[in-house]
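Each remark here refers to the structure printed beneath this line.
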Amino acid sequence: METDLLYEVRGQVAWLTINRESRRNSISQEMMTVLMQRLEQSETDPEIRAICLTGAGEKTFCSGADLVSTLSGVADISAGAQNYAAALKKLSRTSKPTVARVNGPCLAGGLGFMLACDIVIARNDAWFSTPEVNVGIFPMMVGALLYRHLGRKKAVEMVLTARRISAPEAQQLGLITRAVPPDQLDATVEEILEGLAGKSPIGLAIGKRAFYEMADLPFEKALDYLSEQLVKISRTNDAAEGIAAFLEKRKPVYSGR
């Protein structure tokens with residue numbers, strides 16, 4: 001039996017595919033467990049330069065929690081909530097750049113996975129929603145990410161009304177990075193991943209962490225922290241190589257040190 005999450009390495013990119021197409025790529029306990037394991041594997045593999053998260057098929061990126069298991073009492077709701085929160089933390093904290101390839105509607109918990117990624121490329125016919133309120137629940141953990149990506153009023157509207165947000169509107173709101181025609185999705189994602197894989201891995205790791213760390217700091221403290229990180233990144237071998245390559249008008253060869 002195939003796992004609920006497929007893992008494939010293509011060149012220097014690790015591809016994570018939610019593999020529950022018959023259940024609209026809903027989230028299972030197995031999927032979250034494997035996701036965290038594969039993220040750890042990608043994190044420690046020096047050959048992996050970027051990570052791409054997507055859904056199987058062409059109909060849905062991720063529809064959120066598997067309500068069939070939840071409502072039938074098969075799933076442990078407490079454990080599921082804790083595992084989902086842990087998966088969001090793991091995905092958002094990985095030092096490798098992450099790209100979400102949104103190949104269809106993205107709902108509920110799927111929205112959390114998408115927002116935890118650094119870059120989001122979606123089909124322009126995809127849509128986004130937090131429909132939990134329609135079944136008497138509420139998008140709890142997803143709300144933490146929505147609050148940090150949208151203004152308060154727009155985030156509250158989403159979680160209270162369950163309104164569907166089209167991909168073009170999601171791009172305008174800053175919910176996703178870019179909406180593209182379906183026939184351009186793969187080429188766009190591949191171009192971005194190729195570009196990320198060509199960057200200094202240690203430079204991206206230090207820079208990505210600094211970028212997210214400073215977001216919750218007061219302005220003056222953020223500047224002090226970022227100045228320290230600039231010194232740190234400037235002392236890496238990759239920084240020296242990047243500057244030398246620029247001066248010598250050649251492509252840099254990064255070592256990750």
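The values are calculated or read from the model by the stated rules, or taken from the named source; none is laboratory data. Quick caveat: nothing in here was measured; it's all calculated off a predicted structure. Note: ideal-geometry Cβ built from the backbone for every residue, glycine included; neighbour counts use all protein chains shown.
Restricting attention to the stretch 213-233, does a residue exist that is modelled with pLDDT under 95, within 21 Å of the chain's Cα centre (by Cα), not acidic (Asp, Glu) and not assigned by TED's automatic domain parsing to the domain that holds PHE138? Yes: the stretch 213-233 contains one or more residues that are modelled with pLDDT under 95, within 21 Å of the chain's Cα centre (by Cα), not acidic (Asp, Glu) and not assigned by TED's automatic domain parsing to the domain that holds PHE138. Residue count for the stretch 34-47 under the criterion of being surrounded by fewer than 13 Cβ atoms within 10 Å (Cβ to Cβ) and within 12 Å of ALA87 (Cα to Cα): the result is 1. Only one entry of LYS154, LYS199 meets the criterion of being in a helix (DSSP H, G or I), at negative phi and among the basic types (Lys, Arg), and that entry is LYS154.
Only one residue in LYS221, LYS249 is closer than 27 Å to LEU145 by Cβ and either out of contact with any helix residue (DSSP H, G or I) (no Cβ under 8 Å at 6 or more places or on another chain) or not aliphatic (A, V, I, L, M) (or both). Which one?
Selected residue: LYS221, the only one of LYS221, LYS249 that is closer than 27 Å to LEU145 by Cβ and either out of contact with any helix residue (DSSP H, G or I) (no Cβ under 8 Å at 6 or more places or on another chain) or not aliphatic (A, V, I, L, M) (or both).
Annotation note: of LEU223, LEU160, the sole residue that is without any contact (Cβ under 8 Å) to a residue 12 or more places away in the chain and loosely packed, with under 14 Cβ neighbours inside 10 Å is LEU223. Restricting ALA240, ALA244, ALA170 to those that are surrounded by 14 or more Cβ atoms within 10 Å (Cβ to Cβ) and either outside any loop (DSSP other than H, G, I, E, B) or charged (D, E, K, R) (or both) reduces the list to ALA170. The residues of the stretch 19-33 that are touching a Leu at 6+ places or on another chain (Cβ under 7 Å) and either modelled with pLDDT under 90 or under 13 Å from TYR84 (Cβ atoms) (or both) amount to a single one, MET31. Scanning the stretch 118-137 for residues that are part of a loop (DSSP other than H, G, I, E, B), at pLDDT 90 or above and of a type outside the set (A, V, I, L, M) yields ASP118, ASN124, ASP125, THR130.
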